[in-house]
1. Specify which of the listed residues (A:Asn139, A:Asn107) is at the interface with chain B (Cβ under 8 Å from one of its Cβ atoms), surrounded by fewer than 22 Cβ atoms within 10 Å (Cβ to Cβ) and more than 18 Å from A:Lys198 (Cα to Cα).
2. Here are some residues: B:His273, B:His250. Which one is within 18 Å of B:Arg162 (Cα to Cα) and in a strand (DSSP E or B)?
3. Quick one: in the stretch B:36-63, which of the residues that are open to solvent by 20 Å² or more (accessible area, probe 1.4 Å) and within 22 Å of B:Asp88 (Cα to Cα) is nearest to the other protein chains (Cβ to nearest Cβ)?
4. On the given criteria, is B:Ser130 open to solvent by 50 Å² or more (accessible area, probe 1.4 Å) and outside the structural domain of B:Gly84 (by TED's automatic domain parsing)?
5. Just name the residue that is surrounded by the most Cβ atoms within 10 Å (Cβ to Cβ) out of those in the stretch B:1-35 that are in a helix (DSSP H, G or I) and either of a type in the set (A, V, I, L, M, F, W, C) or touching a Pro at 6+ places or on another chain (Cβ under 7 Å) (or both).
6. Given the criteria surrounded by fewer than 21 Cβ atoms within 10 Å (Cβ to Cβ), among the hydroxyl-bearing types (Ser, Thr, Tyr) and in a loop (DSSP other than H, G, I, E, B), does A:Ser98 qualify?
7. Report yes if B:Leu210 is out of contact with any Asp or Glu (no Cβ under 6 Å at 6 or more places or on another chain), closer than 14 Å to B:Ser193 by Cβ, surrounded by fewer than 21 Cβ atoms within 10 Å (Cβ to Cβ) and not polar (S, T, N, Q), otherwise no.
8. Which residues, counting only those in the stretch A:110-122, are facing chain B (nearest Cβ under 8 Å) and aliphatic (A, V, I, L, M)?
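The values are calculated or read from the model by the stated rules, or taken from the named source; none is laboratory data. The structure displayed is predicted, hence computed values, not measured ones. Quick reminder, even Gly has a Cβ in these numbers, built from the backbone with ideal geometry, and neighbours come from all protein chains shown. Keep in mind that these areas ignore ligands, DNA and RNA; they rest on the heavy atoms of the full protein, side chains included. Shrake-Rupley method; radii C 1.70, N 1.55, O 1.52, S 1.80 Å.
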Amino acid sequence: MSKSIAELGEISKTVRREILKMITKAGSGHPGGSLSSTDLVVALYFSKMKHDSGNPTDPERDKFVLSKGHACPLLYAVLAEAGYFPKEELSSLRKLGSILQGHPDRNKVPGIEASTGSLGQGLSIANGIALADRLDKRNSRTYCLLGCGESQEGQVWEAAMAAAHYKLDNLCAIIDKNNLQIDGKTCEVMNIEPVAEKWMAFGWNVIEIDGHNFGEILKAFDESKKVKGKPTMIVAKTVKGKGVSFMENVCGFHGKALTEEELAKAVEELK
Amino acid sequence: MTDAIATREAYGNTLAELGEKNRAIVVLDADLSKSTKSATFAAKFPERFFDVGVAEANMVGIAAGFAIAGKIPFASSFAVFATGRVFDQIRVSVAYSNLNVKIVGSHAGLATGEDGATHQATEDIALMRSLPNMSVISPADGVETRLAVESMAANPGPVYLRTSRLKTPAIFDESYNFKIGKGTIIGDGSDVSIIATGIMVSKAVEAAELLKKNGISARLINMASIKPLDEQLVLKAAKETAGIVSCEDHSVIGGLGSAIAETISEKHPAKLHRIGLNDKFGESGKPDELYKKFSMDAAAIAASAKNLLNKTGE
């Protein structure tokens with residue numbers, strides 16, 4: 001499923017529209033961090049990852065763990081776009097009986113590897129998957145997306161240490177560094193900088209990119225495959241609310257649905 | 001009869017045997033493998049053993065990842081760190097995810113002794129029992145531990161296994177048939193019932209002998225499977241004897257005694273006395289001194305049974 005950069009850009013627009021539509025329909029959800037991660041996840045599912053929506057449990061698949069589980073509207077939109085379940089399901093987000101829970105449930109949605117939502121747990125899970133793939137000599141890669149506020153969780157650093165210790169070169173993590181968290185600017189709430197240096201000090205191969213530039217994103221994933229003996233962390237500089245002028249870099253859109261009027265405006269911008 | 005052995009030893013030995021036949025088994029520990037006895041597996045299968053260091057949260061997550069990729073992970077540490085320290089990790093990454101992860105907590109209860117309250121898990125059953133999808137097993141001796149570990153490896157789903165540091169006398173012989181969700185009558189009796197779990201079973205055996213000398217016939221039930229609980233056996237005891245004494249090396253809040261109370265109060269109200277830590281932390285000391293101090297020894301169990309019978313007669 002290797003799409004061109006132009007095609008990826010179109011898919012990202014569609015996915016961003018779906019994210020905002022489903023959150024508005026649900027009346028709640030997390031649009032800001034879903035939009036900042038969109039290009040990264042679209043690049044994985046439509047260009048770099050080996051996966052098959054018709055066989056979501058194929059042991060040979062590449063695996064994706066969304067550690068920042070609150071960005072699940074993004075993952076739902078991507079999985080629907082990739083054919084894991086009908087797109088009509090998206091309108092059921094957060095509704096009683098829906099497979100699309102407020103945070104992702106691996107037992108309800110085909111294609112979801114890990115149930116997440118309590119921050120800080122995903123990278124450990126990704127470590128376990130990567131270790132198992134290596135034990136079974138599978139040619140599979142594991143990807144894990146973390147938030148920048150999420151990096152304040154201590155477990156992330158336990159996992160960082162372990163992945164380097166086990167030399168997990170089949171693991172590639174991405175940090176969606178949009179510099180905002182619920183209570184404000186990450187540097188003011190609890191400074192996580194210098195991020196790249198921290199991961200380097202923990203023994204990771206670190207690549208810094210613009211998280212909205214598909215050329216840089218694809219190149220980084222290719223590079224991560226070539227590095228032997230250590231895991232790769234892609235530090236992606238992103239913009240919270242990316243793609244919608246009035247949402248960009250606005251902390252208030254972390255966990256708030258757009259009104260119908262705002263949605264109409266946003267969808268117009270995303271055409 | 002088999003020799004006295006600590007349940008943690010039986011755990012390590014069984015894993016090392018199972019590892020031969022079942023290549024899907026992987027074992028994790030957080031720098032306590034010599035104490036939890038997962039080191040027995042590690043010596044035989046180093047490539048399937050992962051010491052994650054002093055990082056229990058990461059251990060639980062790695063175990064979850066292993067399970068996602070088709071492995072059968074056993075993650076061991078002291079029961080305090082294997083449960084309470086990582087309750088949310090177990091809640092979300094294991095129980096809510098309904099993954100085939102086996103959490104094994106050694107050094108449960110006052111049996112941990114000299115290390116004191118920080119290292120004596122006395123709320124772990126309560127914590128694990130509260131989680132949907134999670135089973136809780138607390139075996140009484142070496143044979144029961146072996147059978148429990150075999151059953152855990154063979155049946156998918158999250159399980160918490162609770163083992164103990166101290167050697168426990170053999171309760172069962174090789175003819176014993178362990179089944180999750182089933183308790184066992186190990187000594188029949190008609191006056192009062194004693195339902196015990198883990199290391200307390202051997203104390204309950206002693207207590208039943210003390211009672212016998214006083215002309216009291218106690219029904220002795222081993223309840224390794226705390227969740228799912230063998231409700232039929234509990235209700236039978238409630239109906240056929242004057243009451244139940246529950247015994248656990250754990251707080252009386254949230255453990256076996258609570259599970260029994262929940263069952264009988266809803267389905268067949270009966271007298272219940274709970275032996276265990278009475279809303280207290282333990283302290284440093286020799287295990288036998290601690291059991292005496294906290295009224296959890298055989299004498300205390302027997303006295304509690306007598307007391308229950310006396311009150312019933314009033």
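1. Step by step, each of A:Asn139, A:Asn107 is checked, and only A:Asn107 is at the interface with chain B (Cβ under 8 Å from one of its Cβ atoms), surrounded by fewer than 22 Cβ atoms within 10 Å (Cβ to Cβ) and more than 18 Å from A:Lys198 (Cα to Cα).
2. Details: B:His273 fails: within 18 Å of B:Arg162 (Cα to Cα).
From the options B:His273, B:His250, the qualifying one is B:His250.
3. Filtering the stretch B:36-63 for residues that are open to solvent by 20 Å² or more (accessible area, probe 1.4 Å) and within 22 Å of B:Asp88 (Cα to Cα), the one nearest to the other protein chains (Cβ to nearest Cβ) comes out as B:Val52.
4. Working: open to solvent by 50 Å² or more (accessible area, probe 1.4 Å): yes; outside the structural domain of B:Gly84 (by TED's automatic domain parsing): no.
When the stated conditions are applied, B:Ser130 does not pass them.
5. For the stretch B:1-35, the residue satisfying everything is B:Thr7.
6. On the way: surrounded by fewer than 21 Cβ atoms within 10 Å (Cβ to Cβ): yes; among the hydroxyl-bearing types (Ser, Thr, Tyr): yes; in a loop (DSSP other than H, G, I, E, B): yes.
So A:Ser98 passes the test.
7. Working: out of contact with any Asp or Glu (no Cβ under 6 Å at 6 or more places or on another chain): yes; closer than 14 Å to B:Ser193 by Cβ: no; surrounded by fewer than 21 Cβ atoms within 10 Å (Cβ to Cβ): yes; not polar (S, T, N, Q): yes.
So B:Leu210 fails the test.
8. Hit for the stretch A:110-122 is A:Ala114, nothing else.
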